[in-house]
Amino acid sequence: MVAARPTMVALALGAAGGTIGYLVGLPLPWIMGAMILTTIVSLSGRRFGIPKWLEFVMAAILGTMVGSAFTPNSFDGVGKWTFSIAAVVLFTIATTILIAAILKKWGGFGPITSFFASAPGNVTNIILIGRAMGGGGRPNHRSRP
C-alpha cells in the first residue's frame, strides 16, 4: 500500500511538470512535462509512488487520450511512411537485441530477464509476462532504449 503523502507528491509533481510543459510549448505538454519533472526528481533520490488502482485508472485515461488523437485522416499519408515505419521496426528489434545482450553479459541478468528488461512496451505487462516466463526481478529502466 502506498501512503497518501508520496502519492500527493507524485501528483503535484506531475501537475507542475505538465503546467511547465504547457507554458514552454512542449508537444504533449501534460504528458512530457510531467514525465520529465518526475524523472528529474526521481533521479535526484526522491522516492514517491502511486497506488496500483490509481495506476490502472491513469493508464486507461492515457490510453483514451492517445487513442482519441487518431482519426481516419491520421492514416492518409501512410504510403509515404513505408521507409520510416520499416526503419523504426528494424531499429526497435536491433536495440532490443543489443540491450538484452548487454544486460545478459555485463548486467548479470538471465536471458529471459534481459530480454524483457530491454523490450519496449507497457512496463506492467512486460514485468508480468517476463515473470510468467521465468524471468525475475524488476527491469532496470535506465538501460531501456
Answer yes if at least one residue in segment 38-59 is of a type in the set (D, E, K, R) and surrounded by fewer than 12 Cβ atoms within 10 Å (Cβ to Cβ), and no otherwise. yes
Out of everything in segment 96-145 that is surrounded by 15 or more Cβ atoms within 10 Å (Cβ to Cβ) and charged (D, E, K, R), what residue ends up being modelled with the lowest pLDDT? Arg144
From the option list Ile112, Ile61, Ile40, single residue qualifying as closer than 26 Å to Gly134 by Cα and without any contact (Cβ under 8 Å) to a residue 60 or more places away in the chain is Ile112
Consider Met32 carefully, then state whether it is within 19 Å of Gly121 (Cα to Cα) and out of contact with any His (no Cβ under 8 Å at 6 or more places or on another chain). yes
Specify the residue that is modelled with the highest pLDDT; the eligible residues are those in segment 47-71 that are among the small types (Gly, Ala, Ser) and in contact with a helix residue (DSSP H, G or I) (Cβ under 9 Å, 6 or more places away or on another chain). Ala59
Selection within segment 67-76 - loosely packed, with under 10 Cβ neighbours inside 10 Å and either within 20 Å of Leu28 (Cβ to Cβ) or aliphatic (A, V, I, L, M) (or both): Gly67, Ser68, Ala69, Phe70, Thr71, Asn73, Ser74
With the first residue restricted to segment 69-92 and required to be outside the structural domain of Pro120 (by TED's automatic domain parsing) and among the hydrophobic types (A, V, I, L, M, F, W, C), and the second required to be at pLDDT 90 or above and in a helix (DSSP H, G or I), Cβ contacts under 7 Å at 6 or more apart or on different chains are none
Conditions (1) touching a residue at least 40 places away in the same chain (Cβ under 8 Å); (2) part of a helix (DSSP H, G or I); (3) small (Gly, Ala, Ser) -> Gly49 fails only (2)
Among the residues of segment 21-46, how many are closer than 21 Å to Met65 by Cα, at pLDDT below 90 and not in a helix (DSSP H, G or I)? 2
Looking at the structure I just gave you, is Leu62 within 30 Å of Ala3 (Cα to Cα) and assigned to a helix (DSSP H, G or I)? yes
Inside segment 1-20, can you point out the residues that are loosely packed, with under 15 Cβ neighbours inside 10 Å and either modelled with pLDDT of 95 or more or more than 16 Å from Pro51 (Cβ to Cβ) (or both)? Ala15
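The values are calculated or read from the model by the stated rules, or taken from the named source; none is laboratory data. Quick caveat, the model's predicted, so the values are computed rather than measured. With ideal geometry, Cβ positions are generated from the backbone for all residues, glycine too; neighbour counts draw on all protein chains shown.
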